[in-house]
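For reference, the structure I am asking about is given below.
The values are calculated or read from the model by the stated rules, or taken from the named source; none is laboratory data. Since the structure is predicted, the reported quantities are computational estimates derived from the model, not experimental observations. No Cβ is skipped: glycine too gets one built from the backbone with ideal geometry, and neighbour counts run over all protein chains shown.
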Amino acid sequence: MASELEDLKKLRDITGAGILDCKKYLVRASNNLDDAVKLMRSEEGIKADKKSSRIAAEGVVFYYSTDEVALLLEINSETDFVAKSDDFINYVKQTANMISKSTFVDYDQLMSSDNETLKNDLEEMRKNYVTKLGENIQIRRFKLFDKKANSVIGYTHNNKIGALVVLKNPDEQLSKDICMQIVASNPLGLDESSIDPKVLASEKEVYMAELEKINKKDDIKRNIMEGKVKKFISENTLLNQPFIKDSSLTLKKIIKDNEILHYTRYELGEGIDKKKEDFAEEVYNQIK
């Protein structure tokens with residue numbers, strides 16, 4: 001009996017599965033621990049593949065930093081309940097640690113590389129945690145910077161929104177302030193030149209439609225249009241937005257001789273279409 005309990009504990013520690021599942025697989029493997037692990041992972045892997053088709057729009061935006069690198073990472077789960085669990089956070093930290101030891105600057109570069117070892121290791125760990133937590137989990141995106149070559153600082157707010165900024169000259173406080181500005185104000189670009197021309201054209205169309213309704217001379221309408229466009233650019237570009245610590249200033253004035261070389265902002269689940277299901281359908285999908 002002591003040996004069986006010990007094997008149950010070992011299997012649970014190895015796989016993270018519930019005690020009843022561990023007992024079931026040990027029985028099927030004739031109490032051979034290694035065989036039970038192989039059997040569980042082979043069958044649970046199939047379940048994990050099925051779960052991987054389900055939409056995951058919750059999770060965390062996570063900032064990970066060492067002396068060598070800075071990493072901003074988004075990993076998704078299906079529910080906020082799982083995202084807040086210790087197991088999920090441990091998975092995120094382990095994933096961040098694995099990625100931080102690579103040289104890939106983002107997720108697309110990693111996935112298109114021939115580093116099958118890292119990709120397989122990340123996928124195996126992901127599937128293990130899908131099995132353990134019972135939800136789809138997906139690494140969505142990341143940005144990795146070498147801190148030896150760049151002055152990089154990151155910041156996250158409640159693991160829901162995060163930012164990472166690269167400055168030309170090291171300035172920790174300024175970097176933190178800029179990250180908080182990015183998180184709070186969600187700029188469309190660094191300055192006017194970095195705003196998507198389609199976005200600007202769309203805004204101008206809206207303003208033109210508004211101006212057509214008022215009885216003003218064309219030159220007055222033109223001045224109003226220019227004022228609206230200028231205000232839009234000011235409110236939506238990082239360098240020109242009112243500074244969060246002092247609205248009478250802009251980052252352009254605060255930065256002085258420094259320069260923002262790059263910034264990234266991640267907001268949890270942005271751009272993911274969340275499928276709405278009623279409770280009965282959700283239960284049915286879990287049974288399938």
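With the requirement that a residue be at pLDDT 90 or above and exposed (fewer than 14 other Cβ atoms within 10 Å of the Cβ), what does region 26-79 give you?
If the condition is that a residue be at pLDDT 90 or above and exposed (fewer than 14 other Cβ atoms within 10 Å of the Cβ), then THR66, ASP67, GLU68 are the ones that fit.
While we're looking at this one, here's another question. Are any residues in region 149-176 under 24 Å from ILE89 (Cα atoms) and either among the aliphatic types (A, V, I, L, M) or in a strand (DSSP E or B) (or both), and if so, which ones?
VAL152, ILE153, GLY154, TYR155, THR156, HIS157, ILE161, GLY162, ALA163, LEU164, VAL165
Can you say whether ASP146 is modelled with pLDDT under 95 and farther than 22 Å from LYS93 by Cα, as far as the supplied structure shows?
When the stated conditions are applied, ASP146 does not pass them.
Right, SER194: among the small types (Gly, Ala, Ser) and buried (at least 18 other Cβ atoms within 10 Å of the Cβ) or not?
For SER194, the condition - among the small types (Gly, Ala, Ser) and buried (at least 18 other Cβ atoms within 10 Å of the Cβ) - is not met.
To continue, here is another question. Scanning for something of a type in the set (S, T, N, Q), part of a helix (DSSP H, G or I) and modelled with pLDDT under 95, does region 177-188 turn up at least one residue?
Checked against the condition, which is being of a type in the set (S, T, N, Q), part of a helix (DSSP H, G or I) and modelled with pLDDT under 95, region 177-188 yields at least one hit.
Would you point out which residue out of ASN120, ASN90 is at pLDDT 95 or above, out of contact with any helix residue (DSSP H, G or I) (no Cβ under 7 Å at 6 or more places or on another chain) and not charged (D, E, K, R)?
ASN90
With GLU235, GLU259 as the choices, which residue is in contact (Cβ under 8 Å) with a residue 60 or more places away in the chain, surrounded by fewer than 17 Cβ atoms within 10 Å (Cβ to Cβ), under 30 Å from MET180 (Cβ atoms) and under 27 Å from the mean Cα position of the chain (by Cα)?
So the residue among GLU235, GLU259 that is in contact (Cβ under 8 Å) with a residue 60 or more places away in the chain, surrounded by fewer than 17 Cβ atoms within 10 Å (Cβ to Cβ), under 30 Å from MET180 (Cβ atoms) and under 27 Å from the mean Cα position of the chain (by Cα) is GLU259.
Within the bounds of region 242-249, is there any residue that is among the aliphatic types (A, V, I, L, M) and modelled with pLDDT of 90 or more?
yes
From VAL166, VAL152, VAL130, VAL92, grab the single residue that is of a type outside the set (Phe, Trp, Tyr), in contact (Cβ under 8 Å) with a residue 12 or more places away in the chain, touching a Lys or Arg at 6+ places or on another chain (Cβ under 6 Å) and surrounded by 19 or more Cβ atoms within 10 Å (Cβ to Cβ).
Only one candidate qualifies: VAL130.
Test each condition in (1) touching a Lys or Arg at 6+ places or on another chain (Cβ under 7 Å); (2) without any contact (Cβ under 8 Å) to a residue 40 or more places away in the chain for VAL61 and report the one that comes out false.
Exception for VAL61: condition (2).
Further question: Do you know which residues across region 212-270 are in a helix (DSSP H, G or I), charged (D, E, K, R) and closer than 18 Å to GLU172 by Cα?
Within region 212-270, LYS252, LYS253 meet the criteria.
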